[in-house]
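Student: Okay, here's the structure, questions in a sec.
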Amino acid sequence: MSLDALIESLPEYAKDFRLNWSSLVGQNTELTENQKWGTLVATAHAARNPRLYAAVLEEAAQHVTPEVINAAKGAAAIMGMNNIYYRFHHLSSNEKYATLPARLRMNIIRAHGGDQLDFELWCTAVSAVNGCGSCVDSHEHVLRQKGITEEVILQAVRLASIVHGIAVVLDAEAATPTTAA
């Protein structure tokens, strides 16, 4: 199913998602195409809904290169690990954990083959989806130091919130039992 058809198939109670999708994806001005579609790929990956992820990948392939898509997937994958690890640091009151080495390989952060600032933006958006304040703060700080505006960062987070909301609706609807007529 195409991405547009999937968005249009959302139930009436999720009409806001259709409206937000139209304005945030269709009329976006803050993000480049790579930033927009990379954010959509990375956050759909993080949101874990197979139908949404497949539709986003199919549509993204029409707008950006395979390298951008793979870098966005890499951002989602590494944040899937890092968000758990660093969220543990944040949630634990034991300060010693922050002094110990992570001992986790994170090579993709430097060797993803895409634009470094776009990758940081995608990591920020995925960290918002995954609820890791430490990672949101760290990646947002790097973006701001490199001159990315709050408007650009917030636009990526808006996209992340819409993608996540759509995934939640699709998951709930798939789990809803159908009644016999």
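Student: How many residues does region 129-141 hold that are out of contact with any His (no Cβ under 7 Å at 6 or more places or on another chain), hydrophobic (A, V, I, L, M, F, W, C) and touching a residue at least 40 places away in the same chain (Cβ under 8 Å)?
Tutor: Within region 129-141, the first condition is being out of contact with any His (no Cβ under 7 Å at 6 or more places or on another chain), and the residues that meet it are 130-132, 135-141.
Add one more test, that the residue is hydrophobic (A, V, I, L, M, F, W, C), and what stays is 132, 135-136.
With the extra rule that they be touching a residue at least 40 places away in the same chain (Cβ under 8 Å), the set shrinks to 132, 135.
Going through region 129-141 one residue at a time, the tally reaches 2.
Matching residues to (1) touching a His at 6+ places or on another chain (Cβ under 9 Å); (2) modelled with pLDDT of 95 or more; (3) over 18 Å from Ala72 (Cα atoms):
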position	(1), (2), (3)
Leu143	no, yes, no
Thr149	no, yes, yes
Arg158	no, yes, no
Ser161	no, yes, no
Val168	no, yes, yes
Ala174	no, no, yes
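Student: If you don't mind, another one. Only one of these is surrounded by 10 or more Cβ atoms within 10 Å (Cβ to Cβ) and either more than 18 Å from Trp122 (Cβ to Cβ) or β-branched (Val, Ile, Thr) (or both): Thr176, Thr149. Name it.
Tutor: On the way: Thr176 fails: surrounded by 10 or more Cβ atoms within 10 Å (Cβ to Cβ).
Only one candidate qualifies: Thr149.
The values are calculated or read from the model by the stated rules, or taken from the named source; none is laboratory data. Keep in mind that this is a model prediction, so the values were computed, not measured. Note that each Cβ is placed from the backbone with ideal geometry, even for glycine, and that neighbours are counted across all protein chains shown.
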